[in-house]
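Engineer: Before I ask anything, here is the structure I am working with.
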């Protein structure tokens, strides 16, 4: 079976070395310390299966101003391979609400996160190795049966279409740099992957994408069976989770700046906390901005939102008024 290369774009030698040691020898890894090297030499490492990109990697734009490489990639036609973005607690700027992460960003905050990234990459590569057609679809050289955007043709409608038609095929979607894949067999969902999510959770995530170009390839069987789910059940659960997340997020805006209350120590004792609440409390101390806390939560966005609301209701954290937010610093000052 053909061995596909994983391109790791990581400015930190230490992080790059750990990633490489985690991934090899299961896969062929090529480490690039900067985006310019990727731009100049990526094609020489074909066939490439996936690009693993640190969100803090910079590249000068046309005006010679350094910008995050992922920003520049968002402005271009999609790469012909999946891109997985990741951030680390030591490299991600967290002192400003002006910084945001691309959709489905993975987080490296503990040793286990390296293992989880390896597991996610293996899932992508296994699917790509089995299906030459999927690689052609990602490269844009395979004509789809249906093409559009979730803004006009929502993911839910596509799921129902495949169900009612009893189709076997593959749905490929791009949400920014994130790649979403849903495979159908006789109308049933049998495999899905999106970012670090595999199976039903990936379907729920893709169902929430609202402005993502997609292509459906009827007859494309990926040969993967990571799940078996009836479309109606998946849609009901995806919508329930979406409604719940909306209800929670209504009380905490994405750009809201949080910190511990002055009476934190008095409020802390005598209460029980979930693992998600303890994680969220630690993340508030480190990241402050709601959007950033959610992006770095290992228990998922919905649980993190619930945890923040719980901490807020228990009087442990509070939303800081705009005029009291600490002075902002350059989001790239840590590099």
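The values are calculated or read from the model by the stated rules, or taken from the named source; none is laboratory data. All of these numbers come straight from a predicted model, not from anything done at the bench. Positions of Cβ are backbone-derived with ideal geometry, glycine not excepted, and every protein chain shown enters the neighbour counts.
Engineer: When you go through (1) part of a helix (DSSP H, G or I); (2) in the same structural domain as residue 209 (by TED's automatic domain parsing) one by one for residue 116, which number turns out not to apply?
Structural biologist: (2)
Engineer: Could you tell me which of the residues 31, 15 is over 17 Å from the mean Cα position of the chain (by Cα), in contact (Cβ under 8 Å) with a residue 60 or more places away in the chain and surrounded by 12 or more Cβ atoms within 10 Å (Cβ to Cβ)?
Structural biologist: Numbers: 31 fails: in contact (Cβ under 8 Å) with a residue 60 or more places away in the chain.
Going through 31, 15 in turn, just one is over 17 Å from the mean Cα position of the chain (by Cα), in contact (Cβ under 8 Å) with a residue 60 or more places away in the chain and surrounded by 12 or more Cβ atoms within 10 Å (Cβ to Cβ): 15.
Engineer: Say we look at segment 146-170 and pick out the residues that are under 15 Å from residue 206 (Cα atoms) and touching a helix residue (DSSP H, G or I) at 6+ places or on another chain (Cβ under 6 Å); which of these is surrounded by the fewest Cβ atoms within 10 Å (Cβ to Cβ)?
Structural biologist: That would be 156.
Engineer: Hey, could you check segment 218-256 for residues that are farther than 30 Å from residue 135 by Cβ and crowded, with 17+ Cβ neighbours inside 10 Å and say which is modelled with the highest pLDDT?
Structural biologist: Going through the qualifying residues, I end up with 256.
Engineer: Kindly provide the set of residues from segment 195-208 that are farther than 20 Å from residue 119 by Cα and surrounded by fewer than 23 Cβ atoms within 10 Å (Cβ to Cβ), ordered by number.
Structural biologist: Passing the criteria: only 208.
Engineer: Do any strands (runs of 3 or more DSSP E) entirely within segment 1-91 hold 2 or more residues that are in contact with a helix residue (DSSP H, G or I) (Cβ under 8 Å, 6 or more places away or on another chain) and at negative phi, and if so, which? First the steps, then the outcome.
Structural biologist: Working: elements: 5-9, 28-32, 48-54, 58-60, 66-68, 83-88.
Those strands (runs of 3 or more DSSP E) span 5-9, 28-32, 48-54, 58-60, 83-88.
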